[in-house]
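Taking it in order: structure first as structure tokens, then the write-up.
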Amino acid sequence: MVGLSVGEKHFIQGGIAQDLRSDGRKRLTYRHIQVETGVIPQADGSARVKMGATDVIGSVKAELGKPNPLQPDKGKVSLYVDCSPTAAPMFEGRGGEELSTELSATLQRCLLGGKNGAGAGIDLSSLSIVEGKVCWDLYIDCLVVSSDGNLLDALGAAIKAALSNTGIPKVQVAAAVSSDGQPEVDVSDEEFLQFDTSGVPVIVTLTKVGRHYIVDATSEEESQMSSAVSVSINREGRICGLTKRGGAGLDPSIVLDMISVAKHVSEQLINKLDSEIAAAEACEEESGHG
Amino acid sequence: MSGTAPATYSPSPTMQNKKRAPIFTDVDWVRPDGRGFRQCRGAFLRTGAANAASGSAYAEFGNTKVIVSVFGPRESKKAMMYSDIGRLNCNVSYTTFSTPIRGQGSDNKEFSSMLHKALEGAIILDSFPKTTVDVFALVLESGGSDLPVVVSCASLALADAGIMMYDVVASVSVSCLGKNLVIDPITEEESYQDGSMMITCMPSRNEVTQLTVTGEWSTPKIHEAMELCLDACSKLGDIMRSCLKEAASASQE
């Protein structure tokens with residue numbers, strides 16, 4: 001937990017009310033976002049995202065699996081967030097578990113859409129190989145390396161970057177079906193298919209401090225929040241998921257106002273992230289060939 | 001309650017015989033239990049379901065049956081740090097026979113923390129420093145919209161236990177099926193849904209304590225769904241309040 005004196009609390013709250021936060025930002029300005037892709041060679045795709053002192057890693061691993069009998073034409077995605085005790089001493093032992101499950105559940109809600117996959121950022125039917133028999137299981141694992149607020153937005157960005165860095169191996173399905181009914185598949189280790197990430201939404205968390213909302217709150221600012229609303233929004237400006245945090249109640253009209261502010265902010269964030277991801281990919285390619 | 005009964009809720013738990021799932025096309029379909037799209041299931045609420053608890057409540061919305069017990073305020077565990085406000089501890093569990101496939105209810109791990117977040121804003125935690133209130137919810141039968149029923153029932157149990165609250169917490173969810181918004185969905189509808197929204201709110205303060213949205217939504221649709229939920233929440237709040245009044249007047253006699 002952040003220990004703040006009364007004076008410091010007033011300074012933070014007053015700054016937010018005057019649209020000049022303690023690190024010089026305006027209420028709706030993000031910290032500098034730094035994206036690095038391909039940081040984990042063992043994974044099929046990975047990215048590291050830094051927002052100020054918040055530092056997270058997202059990795060994607062694809063494995064062959066069996067589709068869910070209820071959705072035979074779709075692949076599966078599982079998402080897990082790990083809060084390492086290296087980030088904060090309170091994550092030690094079972095301390096990080098609660099935050100981990102909360103973040104995982106929220107990210108799942110924001111990125112994977114409804115129960116039948118509608119509104120999902122990831123097209124699950126593209127992961128199908130042989131209907132009802134074989135599909136790709138996508139394991140998205142995130143690690144919180146260092147935490148200084150706004151973990152959810154950073155994790156969302158890391159997953160987006162990791163997915164665009166992901167190459168799914170091309171698969172050849174043998175025409176003959178073996179005796180046990182399982183089709184034989186041949187996974188290519190040279191040819192990869194680029195993953196389509198145009199539908200992956202970004203997450204914008206608006207933290208309400210006093211009567212105003214701010215984006216990209218640091219942990220000091222988060223300690224002063226009354227409530228926060230995280231909205232995931234895709235490129236078309238459609239809302240893909242929403243969660244509220246913090247105990248204080250909100251007037252419905254404020255919720256709707258926060259959604260429209262989040263929508264406005266998301267446009268800039270998507271563009272900024274896209275250019276950062278493109279730059280990171282270019283940088284990785286250069287060093288890979290050099 | 002006013003003489004003209006609200007269309008959304010009727011306190012009569014009548015369930016028709018089971019029918020097979022229709023295929024939800026965009027044009028014309030009837031809900032499996034014959035309700036209108038904007039009609040909630042009949043709500044049956046009772047306080048004082050468990051004897052040992054400081055307060056308890058039983059709720060039955062169609063096939064969804066939930067029992068919630070509240071213990072405390074009692075002394076916080078010794079290992080807990082000193083706190084000048086009270087603590088709230090929530091736990092939601094499913095009976096193994098609550099779902100068609102045995103033990104399936106344990107998929108809903110995040111329900112406990114969702115219940116906590118929905119209630120903490122409504123309870124006046126300053127009124128019981130250094131102590132803990134335990135809220136244990138048990139889903140006896142899962143019939144869809146489980147969490148909203150749990151939340152509403154838990155706030156009723158808290159009121160029964162005499163825990164100070166700003167207002168009762170009422171909760172309603174809507175499912176988006178194709179172009180239609182369907183309020184208070186049953187399990188079958190939930191499994192076909194394209195998106196869902198759940199609101200927990202304090203009706204007389206007009207405050208949303210918890211809000212979750214899944215699936216893809218346009219802004220006008222969010223507005224529409226929120227309005228629908230809030231309207232149903234205020235009606236449910238009235239029913240909850242009349243249930244509490246009934247229990248109080250019965251105990252006086």
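The values are calculated or read from the model by the stated rules, or taken from the named source; none is laboratory data. Please read all numbers here as calculations on a predicted model, not as lab measurements. Cβ coordinates were reconstructed from backbone atoms using ideal geometry, including for glycine residues, and neighbour counts include every protein chain displayed.
This table checks each residue for (1) closer than 30 Å to A:HIS264 by Cβ; (2) in a loop (DSSP other than H, G, I, E, B); (3) in contact with a His (Cβ under 6 Å, 6 or more places away or on another chain); (4) of a type in the set (Gly, Ala, Ser).
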site: A:LEU28; (1), (2), (3), (4): yes, yes, no, no
site: A:ALA47; (1), (2), (3), (4): yes, no, no, yes
site: A:SER59; (1), (2), (3), (4): no, no, no, yes
site: A:ALA62; (1), (2), (3), (4): no, no, no, yes
site: A:PRO69; (1), (2), (3), (4): no, yes, no, no
site: A:PRO72; (1), (2), (3), (4): no, yes, no, no
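Residues in the range B:209-234 that are in contact (Cβ under 8 Å) with a residue 12 or more places away in the chain and either surrounded by fewer than 21 Cβ atoms within 10 Å (Cβ to Cβ) or at the interface with chain A (Cβ under 8 Å from one of its Cβ atoms) (or both): how many?
Residues in the range B:209-234 being in contact (Cβ under 8 Å) with a residue 12 or more places away in the chain and either surrounded by fewer than 21 Cβ atoms within 10 Å (Cβ to Cβ) or at the interface with chain A (Cβ under 8 Å from one of its Cβ atoms) (or both): 17 in total.
Criterion first (part of a strand (DSSP E or B), over 30 Å from B:SER196 (Cβ atoms) and not hydroxyl-bearing (Ser, Thr, Tyr)) does A:VAL185 satisfy it?
So A:VAL185 passes the test.
Going residue by residue through the range B:147-164, is there one that turns out to be at pLDDT below 95 and in contact with a Lys or Arg (Cβ under 6 Å, 6 or more places away or on another chain)?
The answer is no; no qualifying residue exists.
Only one of (1) out of contact with any Phe, Trp or Tyr (no Cβ under 7 Å at 6 or more places or on another chain); (2) at pLDDT below 90; (3) surrounded by fewer than 22 Cβ atoms within 10 Å (Cβ to Cβ); (4) among the hydrophobic types (A, V, I, L, M, F, W, C) is not met by A:LEU127, so which one is it?
Of the numbered conditions (1) out of contact with any Phe, Trp or Tyr (no Cβ under 7 Å at 6 or more places or on another chain); (2) at pLDDT below 90; (3) surrounded by fewer than 22 Cβ atoms within 10 Å (Cβ to Cβ); (4) among the hydrophobic types (A, V, I, L, M, F, W, C), the odd one out for A:LEU127 is (1).
Just wondering, is there one or more residues in the range B:92-113 that are more than 30 Å from A:SER78 (Cβ to Cβ), of a type in the set (A, V, I, L, M) and crowded, with 19+ Cβ neighbours inside 10 Å?
Start the filter on the range B:92-113 by keeping residues that are more than 30 Å from A:SER78 (Cβ to Cβ), which leaves none.
Within the range B:92-113, none of the residues are more than 30 Å from A:SER78 (Cβ to Cβ), of a type in the set (A, V, I, L, M) and crowded, with 19+ Cβ neighbours inside 10 Å.
Residue by residue through the range B:198-208, note down the ones that are closer than 27 Å to B:VAL30 by Cβ and buried (at least 24 other Cβ atoms within 10 Å of the Cβ).
Once the filter is applied, which keeps residues that are closer than 27 Å to B:VAL30 by Cβ and buried (at least 24 other Cβ atoms within 10 Å of the Cβ), the range B:198-208 yields only B:ILE199.
Going residue by residue through the range A:18-38, is there one that turns out to be within 30 Å of A:GLU131 (Cα to Cα) and in contact with a strand residue (DSSP E or B) (Cβ under 6 Å, 6 or more places away or on another chain)? Show your work before the answer.
Kept after step one, since they are within 30 Å of A:GLU131 (Cα to Cα), are these residues of the range A:18-38: none.
No, the range A:18-38 contains no residue that is within 30 Å of A:GLU131 (Cα to Cα) and in contact with a strand residue (DSSP E or B) (Cβ under 6 Å, 6 or more places away or on another chain).
Does any residue of the range A:15-35 turn out to be touching a Ser or Thr at 6+ places or on another chain (Cβ under 6 Å) and more than 30 Å from A:GLU184 (Cβ to Cβ)?
Yes, because at least one residue in the range A:15-35 is touching a Ser or Thr at 6+ places or on another chain (Cβ under 6 Å) and more than 30 Å from A:GLU184 (Cβ to Cβ).
For the range A:59-105, give me each residue that is among the aromatic types (Phe, Trp, Tyr) and either on the phi > 0 side of the Ramachandran plot or within 14 Å of another protein chain (Cβ to nearest Cβ) (or both).
Within the range A:59-105, A:TYR80 is the sole residue that qualifies.
Out of the residues in the range B:179-202 that are among the aliphatic types (A, V, I, L, M) and free of Cβ contacts under 8 Å to residues at least 60 places away in the same chain, state the one that is nearest to B:LYS221 (Cα to Cα).
Initially, the range B:179-202 is screened for residues among the aliphatic types (A, V, I, L, M), giving B:181-183, B:186, B:197-199, B:202.
Pick out the ones that are also free of Cβ contacts under 8 Å to residues at least 60 places away in the same chain and you get B:197-199.
On the way: B:MET197: 11, B:MET198: 14, B:ILE199: 15 Å.
Looking at residues that are among the aliphatic types (A, V, I, L, M) and free of Cβ contacts under 8 Å to residues at least 60 places away in the same chain, I get B:MET197.
Given (1) in contact with an Asp or Glu (Cβ under 8 Å, 6 or more places away or on another chain); (2) polar (S, T, N, Q); (3) modelled with pLDDT under 85; (4) buried (at least 16 other Cβ atoms within 10 Å of the Cβ), identify the lone condition not met by B:GLN16.
Just one mismatch for B:GLN16, condition (4).
Conditions (1) touching a helix residue (DSSP H, G or I) at 6+ places or on another chain (Cβ under 9 Å); (2) within 13 Å of chain A (Cβ to nearest Cβ); (3) not aliphatic (A, V, I, L, M), marked per residue:
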residue: B:SER98; (1), (2), (3): yes, no, yes
residue: B:ILE101; (1), (2), (3): no, yes, no
residue: B:SER112; (1), (2), (3): no, yes, yes
residue: B:LEU115; (1), (2), (3): yes, yes, no
residue: B:ILE124; (1), (2), (3): no, yes, no
residue: B:SER127; (1), (2), (3): no, no, yes
residue: B:VAL133; (1), (2), (3): yes, no, no
residue: B:ALA137; (1), (2), (3): yes, no, no
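Residues of the range B:162-185 being more than 13 Å from B:ALA225 (Cβ to Cβ), of a type outside the set (S, T, N, Q) and either surrounded by fewer than 22 Cβ atoms within 10 Å (Cβ to Cβ) or under 13 Å from the mean Cα position of the chain (by Cα) (or both), which ones?
B:GLY162, B:MET164, B:MET165, B:TYR166, B:ASP167, B:VAL168, B:VAL169, B:ALA170, B:GLY178 - these are the residues of the range B:162-185 that are more than 13 Å from B:ALA225 (Cβ to Cβ), of a type outside the set (S, T, N, Q) and either surrounded by fewer than 22 Cβ atoms within 10 Å (Cβ to Cβ) or under 13 Å from the mean Cα position of the chain (by Cα) (or both).
Yes or no, residue by residue, for (1) under 20 Å from B:LEU181 (Cα atoms); (2) over 13 Å from the mean Cα position of the chain (by Cα); (3) free of Cβ contacts under 8 Å to residues at least 24 places away in the same chain:
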| residue | (1), (2), (3) |
| --- | --- |
| B:PHE37 | yes, yes, no |
| B:ALA50 | no, yes, yes |
| B:ALA53 | no, yes, no |
| B:GLU60 | no, no, no |
| B:ILE67 | no, no, no |
| B:VAL70 | no, yes, no |
| B:PRO73 | no, yes, no |
| B:LYS78 | no, yes, yes |
